[in-house]
Amino acid sequence: MTAYKIDPKLDLVLERVIDVPPELVWKVWTEPKHLMPWFTPKPWQTVDCEIDLRPGGIFRTVMRSPEGKDMDNAGCYLEVVQNRKLVFTDALLPGYRPRDGGFFTAFVTMEPVKGGTKYTAVAMHKDEAGRKTHEDMGFHSGWNTALDQLVAYAKTI
């Protein structure tokens, strides 16, 4: 299922087994009303989300800081495999329109395992500086916290 080769100089990886089935992980990743409660590590919040779940379709979130500043993040899906894989990037806008300032491409895979899902998120960067910037922004703590929030939220629906 993996169509990428991890390069430790360019990529950041989060891999964990979680006790939520892949179908539920998929649901909370692909429906705005279910993505917004968990997607941004608290005390930040996701206050808006737009999803057109198809290659070239929009994946957009608006994250709000504790101080009330909104950050609009738009990109597009590159690959969508129901209940198994989402690939999206902020380097392209919907319809694959190139944009300035693109930061990364993400692969999120959901592999069924006994008792849940092997969840893998890979953030691919074009250069080592981009990778370091993302890591310094708190990739590991932020994406792990968001995953903890995803698991807790998924168990409520």
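Odds and ends about this structure:
- Pairs of Lys residues in region 11-155, spaced 8 or more positions apart or belonging to different chains, with C-alpha separations under 16 angstrom: 6 in total.
- Of the residues Thr120, Val81, Gly102, the one whose Cα sits farthest towards the positive end of the charge dipole of the chain is Val81 (charges of +1 on Lys and Arg Cβ, -1 on Asp and Glu Cβ, taken about the Cα centre).
- Residue among Tyr77, Tyr96, Tyr119 with the largest mean-square fluctuation in a Gaussian network model of the chain, springs linking Cα atoms under 10 Å: Tyr96
- Modelled spin-label separation between Glu128 and Asp70, with each label point placed 7 Å from Cα along the Cα-to-Cβ direction: 3.9 nm.
- Percentage relative contact order, region 22-157, counting C-alpha pairs under 8 Å, at least six apart: 20
- Placing unit charges on the Cβ atoms only, positive for Lys and Arg and negative for Asp and Glu, gives region 11-155 a dipole magnitude near 320 debye about its Cα centre.
- Candidates Met36, Met71, Met124, ranked by Gaussian network fluctuation over the chain, Cα under 10 Å, top entry: Met71
- Under a Gaussian network description of the chain, with springs only between Cα atoms under 10 Å, the residue in Asp72, Asp11, Asp90 that fluctuates furthest is Asp72.
- Cross-link partners for Lys5 among the aspartates and glutamates, with Cα-Cα distance under 18 Å and sequence neighbours closer than 8 places in the same chain left out: Glu15, Glu79, Glu111, Asp127, Glu128.
- Semi-axes of the equivalent ellipsoid for region 11-155, computed as √(5λ) from the eigenvalues of its C-alpha gyration tensor and ordered from largest down, come to 21, 18, 16 Å.
- Förster radius 30 Å - calculated FRET efficiency between Arg54 and Tyr4, Cβ distance, rounded to 0.05: 0.90
- Environment charge of Met110, counting only residues whose C-beta is closer than 15 Å and scoring Lys/Arg +1, Asp/Glu -1: 0
- Value of relative contact order over region 18-61, rounded to a whole percent, pairs C-alpha under 8 Å and six or more apart: 25
- With all protein chains in place and a 1.4 Å probe, the accessible surface of region 91-146 carries 54 percent carbon and sulfur.
The values are calculated or read from the model by the stated rules, or taken from the named source; none is laboratory data. This one's a predicted model, so the numbers in the text were calculated from it and none came from an experiment. No Cβ is skipped: glycine too gets one built from the backbone with ideal geometry, and neighbour counts run over all protein chains shown. Areas reflect the complete protein model, heavy atoms only, side chains present, ligands, DNA and RNA absent. Shrake-Rupley method; radii C 1.70, N 1.55, O 1.52, S 1.80 Å.
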